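Every number in this text was worked out from the coordinates using simple rules, so none of it is lab data. Given the structure is predicted, the values throughout are model-derived calculations rather than measurements. Neighbour counts run over all protein chains shown; Cβ positions are idealised from the backbone, glycine included.
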Amino acid sequence: MANASGVGLTEVTLRGPYAFEPRPDCWPGSPSGADVESVLRHSAELLRPDLPAFTEGVVAQVRAVSPYYGDPAHSPPDLTRSALTAFTAFVAGLVTPDRSAESGDLAWAVGDRRGRDGVPLQALLDAYRVGTAGLWDALVARVVRESPERLPAMAYAAADLWRRADADVALAAEAHRRAVAGPPSDDGRHHRPALQALLRGHADPAHTSALAASLGLPRHGRYTIVLLRGPGVRPPDARPGHEVRNGVELYWCPQDDGTAIVALLGDRPPTALSALIPVGAHTRGGVSAVVSGPAELGRARRLAELALGACRADGELNHLGDRLSRALALARPELAGDFADQVLGPVLRLRPADRTDLLTTLAAWLDRDGSTRRAGERLYCHRNTVRNRLRRLETLTGRRLAHPRDVVDLALALEAWRVSAPPDAGSGAVS
């Protein structure tokens, strides 16, 4: 995504000189982060009642500095109304952080509209520059007048305000460029930098909104992440970056160790992905839980990683909910080892053959809904052999399979051991 200078959106909003630079709280006398947020919110609340008059003044300044807007024959007739709407949304985001994405959405719409109306990009950028400078001056003036003791905190708030404005400008510029030139025709692969940034997980609402808008992703929707890994994954360049399969939008994104797919489900269940994304014989896949918007894609990717780790065999696309207990163990492998030892310790210290017999029998009994007959069929042994092994397991662990809480402990401990056991411990055979 590019701004007026040709710099990509991800560079402007994610690697700018003040995008993520931490504020040095350790400096003597420096205000806290809460103080900075509070004074910016306070100044925005003071400005709110004066926004109509303030907007009139900014529009007059824009007309004075911009030859395009200063020419009555060219200036858009809705300039004042559009500016007031933009300032209202921006200030609302300062007062209520949950609404900060609204300003980015509006910036995209403004850039698109101005591009279609033939407004030069430089004129649009001049208007944003004058508007942001005027807004900052107005906010500072109200703090000077109403709360001068809070000026030190206001000085630190400048970085936050200009960072938000920078994200809006990048959005408006890219929307303008697309309206004038049309979308690029590279099968969607231009989406990848923005997708990769969202999958890394950015908490900043302004940046998330900018990236999502550049992809055309709705801020509210049902999303899930699919991770594919293994030699059976086709090279990303063999697929389009974006496609629609049976009503589900799929955004393919290469990763260092596989491929990630952002799926916009609409009203489809996540299980529909099993038919839409075939997994090869030498590939494994993990599907995250459903999340509600682009801001949660970083978390969804981590959940998909857990689902992928819970796969038991190649050629499998595992949904997180299918083996949630194993995913929980994968999330904290160091605790998994401790838990497995606490519950199954006496069993784990048996001879390898005896240990495998007991744990394999427990796994078969759990998988067959607690039926000794069906577990025996699975293990090719008599049901009495299953009963004898389970009684020995109960004696060693002090747990009783007739007690639901004990069954939960044993089932979780079995999954924890599968995750934490060394490769030579035979955990792969206990499935």
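General remarks:
- Put in order of Cβ neighbour count within 10 Å, fewest first, the listed residues Asp257, Asp126, Asp78 become Asp257, Asp78, Asp126.
- When each of the peptides 297-310, 138-151, 280-293 is scored by the mean number of other C-beta atoms lying within 10 Å of its residues, the order from highest to lowest reads 297-310, 280-293, 138-151.
- Enclosed volume per residue, in Å³, of the convex hull spanned by Cα atoms of the stretch 9-181: 110 Å³
- Quick note on the stretch 259-383: its Rg to Rh ratio, both from C-alpha atoms and Rh being the Kirkwood radius, is 1.06.
- Label-to-label distance for Ala402 and Ala34 is 5.5 nm, based on points extended 7 Å past Cα in the beta-carbon direction.
- With each label modelled as a point 7 angstrom along the Cα→C-beta vector, the Ala275-Asp117 pair spans 4.7 nm.
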